[in-house]
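Reviewing the structure listed below.
The values are calculated or read from the model by the stated rules, or taken from the named source; none is laboratory data. Just so it is clear, the structure is predicted and the values come from calculations on it, not from any experiment. Don't worry about glycine lacking a Cβ; one is built from the backbone with ideal geometry, like all the others, and counts go over all protein chains shown.
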Amino acid sequence: MIASIASAVTAPPGAPPAVTLVAERFAQTSRGIVAFHFHRLFDVRAGPMSRHEDLVIEGVYDDGTIAKVRIASYTIDGKAASAADQAAVTDAWEHPKPTEAFHPPFDPRYLAAYQYQVTGPQKVAFTSAVADAAHGNGAFTYDANNNVLELTYHPNALPPHANFAEITDRRAEVLPGYWAVTQETHLYKGSYGLFAGQGTIQSTYSNFRRFPDLQSALKDIAVAH
């Protein structure tokens, strides 16, 4: 768990002192059992081809890590997603592949994979040589209390047909002493055959609720909100 290693944060050699402070704060403010509501709109277009997805999930964090999700609704081009599609989404959330789920450069578990440089007041740039979608190059900003406010990065591996990707996370204090991503945007550019294409993802996290234990949270997300 993130929180269990908060007191043993070790930044890589040469990292600015701010990296350690931000990582410690990240761990401290990720503690607890917290349920959330998630809404994602996915759109891609290349020439005459297009795809639109609308996904709503109820989920639970356990010390900042996804413990369980329930799909409340999922449509693809206006039609209900198949059971196989829903199962694939659930599995991707609950059992993310280590080469695909992004490793935040301020998470104490992943600091060693990055190199850091201060590029402005309360702003740190980062790079990683790890060539997968779980790592990337970008920058994050933080406030006077070392809480990360915004992260923008370009992943080191791209999905099929893409030659450019930029992802931005915006974070906020969603509960007293608990910080999380509230908005995430993705922009992809590339081509499909002869056609130039573009894809976007707009995600919103909301309705955060804290629970005393995991079982209470699982019971909560099992019902409609």
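Tell me which residues, restricted to region 4-32, are at pLDDT 95 or above, closer than 22 Å to ALA139 by Cβ, in contact with an Asp or Glu (Cβ under 9 Å, 6 or more places away or on another chain) and not small (Gly, Ala, Ser).
Listed by number, the residues that qualify are PHE26, THR29.
Pick from region 49-78 the residues that are among the small types (Gly, Ala, Ser) and assigned to a strand (DSSP E or B): which of them is farthest from SER216 (Cα to Cα)?
SER50
Which numbered condition in (1) in contact (Cβ under 8 Å) with a residue 60 or more places away in the chain; (2) over 18 Å from ARG171 (Cβ atoms); (3) touching a Ser or Thr at 6+ places or on another chain (Cβ under 9 Å) is the only one that THR20 fails?
Checking THR20 against (1) in contact (Cβ under 8 Å) with a residue 60 or more places away in the chain; (2) over 18 Å from ARG171 (Cβ atoms); (3) touching a Ser or Thr at 6+ places or on another chain (Cβ under 9 Å), the one that fails is (1).
Rundown of residues vs (1) surrounded by fewer than 18 Cβ atoms within 10 Å (Cβ to Cβ); (2) touching a residue at least 40 places away in the same chain (Cβ under 8 Å), yes/no style:
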{"residue": "ALA129", "(1), (2)": "yes, no"}
{"residue": "HIS135", "(1), (2)": "no, no"}
{"residue": "TYR142", "(1), (2)": "no, yes"}
{"residue": "LEU151", "(1), (2)": "no, yes"}
{"residue": "LEU158", "(1), (2)": "yes, no"}
{"residue": "GLU166", "(1), (2)": "yes, no"}
{"residue": "TRP179", "(1), (2)": "no, yes"}
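Yes or no: GLN86 under 20 Å from GLU24 (Cα atoms), modelled with pLDDT of 95 or more and of a type in the set (S, T, N, Q)?
Against the criterion (under 20 Å from GLU24 (Cα atoms), modelled with pLDDT of 95 or more and of a type in the set (S, T, N, Q)), GLN86 does not qualify.
Within region 156-201, which residues are under 15 Å from the mean Cα position of the chain (by Cα) and charged (D, E, K, R)?
Once the filter is applied, which keeps residues that are under 15 Å from the mean Cα position of the chain (by Cα) and charged (D, E, K, R), region 156-201 yields GLU166, ASP169, ARG170, ARG171, GLU184.
(1) more than 20 Å from the chain's Cα centre (by Cα); (2) surrounded by 17 or more Cβ atoms within 10 Å (Cβ to Cβ): which one isn't true of GLY78, the others all being true?
(2)
Cβ-Cβ below 6 Å, separation at least six or inter-chain, first residue in region 50-68 and farther than 27 Å from ALA27 by Cα, second of a type in the set (Asp, Glu) and not in a strand (DSSP E or B): which pairs?
HIS52/ASP77
Take residues that are acidic (Asp, Glu) and tell me which of the strands (runs of 3 or more DSSP E) falling wholly in region 79-196 contain 3 or more.
162-175
Quick test for you: out of ASN163, ASN207, ASN147, pick the one residue that is modelled with pLDDT of 95 or more and touching a Phe, Trp or Tyr at 6+ places or on another chain (Cβ under 6 Å). Outline the logic, then answer.
Values: ASN163 fails: touching a Phe, Trp or Tyr at 6+ places or on another chain (Cβ under 6 Å); ASN207 fails: touching a Phe, Trp or Tyr at 6+ places or on another chain (Cβ under 6 Å).
After ruling out the rest, the residue left standing is ASN147.
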